[in-house]
1. Go through the residues of the stretch 140-157 one by one and say whether even a single one is part of a loop (DSSP other than H, G, I, E, B), under 26 Å from residue 189 (Cβ atoms) and not assigned by TED's automatic domain parsing to the domain that holds residue 34.
2. Testing residue 131 on (1) touching a residue at least 12 places away in the same chain (Cβ under 8 Å); (2) assigned to a helix (DSSP H, G or I), one condition comes back false. Which one is that?
3. Among the candidates 268, 324, 294, 288, single out the residue that is part of a helix (DSSP H, G or I) and closer than 17 Å to residue 205 by Cβ.
4. Can you tell me which residue in the stretch 191-202 is surrounded by the most Cβ atoms within 10 Å (Cβ to Cβ), limited to those that are assigned to a helix (DSSP H, G or I) and modelled with pLDDT under 60?
5. For the stretch 70-94, what are the residues that are in contact (Cβ under 8 Å) with a residue 60 or more places away in the chain and out of contact with any strand residue (DSSP E or B) (no Cβ under 9 Å at 6 or more places or on another chain)?
6. For residue 107, work out the one condition from (1) farther than 19 Å from residue 191 by Cβ; (2) crowded, with 16+ Cβ neighbours inside 10 Å; (3) touching a helix residue (DSSP H, G or I) at 6+ places or on another chain (Cβ under 6 Å) it doesn't fulfil.
7. Is one or more of the residues making up the stretch 323-330 surrounded by 14 or more Cβ atoms within 10 Å (Cβ to Cβ), over 18 Å from residue 242 (Cα atoms) and touching a helix residue (DSSP H, G or I) at 6+ places or on another chain (Cβ under 8 Å)?
8. Which count do you get for residues in the stretch 297-319 that are more than 10 Å from residue 208 (Cα to Cα), within 20 Å of the chain's Cα centre (by Cα) and outside any loop (DSSP other than H, G, I, E, B)?
């Protein structure tokens, strides 16, 4: 769990999280909250961290960013990775800073792994080592994954016992962690559990914007993707590709919409077609991928305890949200 400190004056909580699937209206709702109470916004979005990826991520525009302090936006180049563990550390530090300024942290977004890392903690494992991983995979090609599983059992019997002999991805990661740190993956997990058990629980209610009618959300997703395409998303993609150092296997380019656009631009280039020729298919694939993302986000949310459900397709959704926030004020601000 994250360390909690004294809440901002007038509040009965350490922070509030405003969550929900993509296109559920989180940005507009967060700005309305910021107009009524002294908050600062911490983004819970794995795509908004990247500079130069504005249109396809529906990043708040300059006017919106100027209305209230925002954090964890534009903090990484698309060539760089940003993990859930890094988010949890950064958000914990920022929450303490915001409370020290007498304001309340308002965490806003839909990257549920980030939210889970902040609420439940995450094991601070060594970062991925591509060269070492490639070396392990080469050894597996020569020996077979069952032999690599046997090797893992010699140094980490606990992890090996829960993995199938051909579970290449997990065996590879466990061996990578051992070779990098000299510490078994099971030991990392055990130490993480012990640390979390001694930390106080973060008092952070979840206000979850979820549609009662899925068709309402699907219509908003389609409209937003239309606006992205007319707003210059294709030109943004071409600018990213023109850098020459980005590729489709990067976390940034795997973001919904960006991956589909990258693949279609590759196809158009191979066929000698114009970039604009991909627009109809990009719309179709981008909307479908975004709908799948929203479905996954809703599944995550429904598994989270103590969330306060607010029907974002209700005509009084904003009023319900503001009323919910009011419940966490001890005195009028």
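1. Checked the stretch 140-157: at least one residue is part of a loop (DSSP other than H, G, I, E, B), under 26 Å from residue 189 (Cβ atoms) and not assigned by TED's automatic domain parsing to the domain that holds residue 34.
2. (1)
3. On the way: 268 fails: closer than 17 Å to residue 205 by Cβ; 294 fails: closer than 17 Å to residue 205 by Cβ; 288 fails: closer than 17 Å to residue 205 by Cβ.
Of the residues listed, the single one that is part of a helix (DSSP H, G or I) and closer than 17 Å to residue 205 by Cβ is 324.
4. 196
5. Correct list: 79, 81, 88, 92.
6. (3)
7. yes
8. Selection size over the stretch 297-319: 3.
The values are calculated or read from the model by the stated rules, or taken from the named source; none is laboratory data. No experiment lies behind these values; they were computed from the predicted model shown. Heads up, the Cβs are rebuilt from the backbone with ideal geometry, glycines too, and the neighbour counts pull from every protein chain shown.
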